[in-house]
1. List the number of the failed condition for PRO157; all other conditions in (1) out of contact with any Asp or Glu (no Cβ under 7 Å at 6 or more places or on another chain); (2) at pLDDT below 95; (3) surrounded by fewer than 24 Cβ atoms within 10 Å (Cβ to Cβ) hold.
2. Evaluate the following for GLY227: is it of a type in the set (Gly, Ala, Ser), surrounded by fewer than 18 Cβ atoms within 10 Å (Cβ to Cβ) and away from the ligand (no atom under 14 Å from the Cβ)?
3. Can you name the residue in the range 118-135 that is assigned to a loop (DSSP other than H, G, I, E, B) and in contact (Cβ under 8 Å) with a residue 12 or more places away in the chain and is also farthest from LEU30 (Cα to Cα) among such residues?
4. Check off (1) among the hydrophobic types (A, V, I, L, M, F, W, C); (2) closer than 26 Å to GLU170 by Cα; (3) in contact (Cβ under 8 Å) with a residue 40 or more places away in the chain; (4) not in a loop (DSSP other than H, G, I, E, B) for ALA112 and give me the number that stays unchecked.
5. List every residue pair whose Cβ atoms sit under 7 Å apart, with the two residues 6 or more apart in sequence or on different chains, where the first one lies in the range 268-279 and is farther than 11 Å from SER240 by Cβ and the second, anywhere, is away from the ligand (no atom under 13 Å from the Cβ).
6. Identify all residues within the range 362-384 that are farther than 27 Å from VAL93 by Cβ and out of contact with any Leu (no Cβ under 9 Å at 6 or more places or on another chain); write none if there are none.
7. Run down VAL174, VAL137 and say which single residue is farther than 22 Å from LEU384 by Cα, surrounded by 17 or more Cβ atoms within 10 Å (Cβ to Cβ), modelled with pLDDT of 95 or more and out of contact with any Gly (no Cβ under 7 Å at 6 or more places or on another chain).
Amino acid sequence: MNILVINCGSSSIKYKLYDARQERELAGGLIERIGEAEGHTMHQVGGKKYERNNRIPDYDAGIAQIIDLLTSCGDPPPIETPADIAGGGHRVVHGGESFSDSVLVDDTVLAAIDQCSDLAPLHNPANLAGIRATMNVLAGKPQVAVFDTAYFQTMPPEAYHYAVPYAWYEKHRVRRYGFHGTSHKYVAGKAADLLGRAKPNLITLHLGNGCSMTCIRAGEAIDQSMGLTPLEGLVMGTRSGDLDAAIVFYMMSQGLSADDVRRGLEKESGLQGLSGVSRDLRDVMGAAGEGNARAALAIDVFAHRAKKYVGAYLAELGTCDAVVFTGGIGENSSDMRKGIVEGLAPLGIELDESLNAGRSREPLRISTDASKTAIWVIPTNEELMIARDTVRLIS
Ligand code: ADP
């Protein structure tokens, strides 16, 4: 059963075609600069790359191009006709309080996603456009929406409420939702298998350009570091994460507009803002190694913030079976992993430095045998999770 997994950004489409029964990736690619004078497409199949530079006016044209590439590139192409695709799975960033699981798309679901657009104005409209385009191009094929927020709908009220006027919640839906749910759910499931426990207590860290942590009790998410939007929580590539909300109106009193402050906190903060070097941890670490003090500071602030959350989540859990690292930083940076869990041995979290230095595309345990809480590195696979949910719902 072939499933097309689609992740639409504000001017891009990432896609993968899966043989979902075998959990095998058949092809994939990225279309960028949708709506611009010239778009760019990079398609991969069977170890070969195909590039196209042509105008992609809208998402319908983008999806049509994906189908054309899937049916024409490769030796032989992975599918002969669009009819060989059983359905589509779509990443949707914000599901508000409406969705606690993935769903088959119908008109009610489309309307509910649209209603969440003011909570995620950069993402939901693009996600919606991608679903509609796939429905147009693959007429009659079922489509499934997989929400970044759904996994966190098990959070109890004391975790998801902000202590703000209650009317802000009732009238404006101001609460913590949590994001990166597909990734946290995937690695939590893997960790449960590896630990041989159906319902473990876990702390999962997804550290990429966006960074978030989840506190999982007996297999259910009970807290998450991201909030109303993905801006809250950990230090990220360009996002500030947690801050005193008064900074917003203080900086406005200093002459910045609301848009200036938003741009500052979303695009010019985090590793980028502190280091002044890059949002990419590899560059920041390189600069720190050459003696750049602000780059070193950025790394320290990043690790300090994550460590603080580990402590908070340990307190929520009482006992924790495993701390799990994933995402580009979590999977690849042994130095950052060390910075985050260093000094936690008295709390039962003890890193084995030689295991931590190892590299693997498979899950890797990096704690000592004596560590009460295991530490694992588990590569994430959000697209596979979306393909699995799609199969579950359309079967
Ligand atoms: P996204 O959130 O965009 O999917 P990724 O999960 O790919 O991003 O993570 C990107 C981050 O991972 C970047 O900060 C990058 O520097 C970091 N990263 C990737 N490989 C390494 C590495 N070997 N060492 C340190 N950081 C790394």
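The values are calculated or read from the model by the stated rules, or taken from the named source; none is laboratory data. In this text the structure is predicted, and so the values were computed from the model without any measurement. Here the Cβ is made from the backbone with ideal geometry for all residues, glycine too, and neighbour counts use every protein chain on show.
1. Of (1) out of contact with any Asp or Glu (no Cβ under 7 Å at 6 or more places or on another chain); (2) at pLDDT below 95; (3) surrounded by fewer than 24 Cβ atoms within 10 Å (Cβ to Cβ), only one is false for PRO157: (2).
2. Here the answer is no, as GLY227 does not meet what is asked.
3. Taking the range 118-135 first, the residues assigned to a loop (DSSP other than H, G, I, E, B) are 118-123.
Right, trim to in contact (Cβ under 8 Å) with a residue 12 or more places away in the chain and you get 119-120, 122-123.
Numbers: LEU119: 26, ALA120: 22, LEU122: 18, HIS123: 17 Å.
So, considering only residues that are assigned to a loop (DSSP other than H, G, I, E, B) and in contact (Cβ under 8 Å) with a residue 12 or more places away in the chain, the one farthest from LEU30 (Cα to Cα) is LEU119.
4. The one condition ALA112 does not meet is (3).
5. SER275/ARG294; GLY276/ARG294; VAL277/ASN292
6. GLU362, ASP369, ALA370
7. VAL174
Residue-by-condition table, conditions (1) surrounded by fewer than 19 Cβ atoms within 10 Å (Cβ to Cβ); (2) of a type in the set (D, E, K, R); (3) modelled with pLDDT of 95 or more:
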| residue | (1), (2), (3) |
| --- | --- |
| SER72 | yes, no, yes |
| GLU80 | yes, yes, yes |
| ASP84 | yes, yes, yes |
| GLY87 | no, no, yes |
| HIS90 | no, no, yes |
| VAL105 | no, no, yes |
| LEU110 | yes, no, yes |
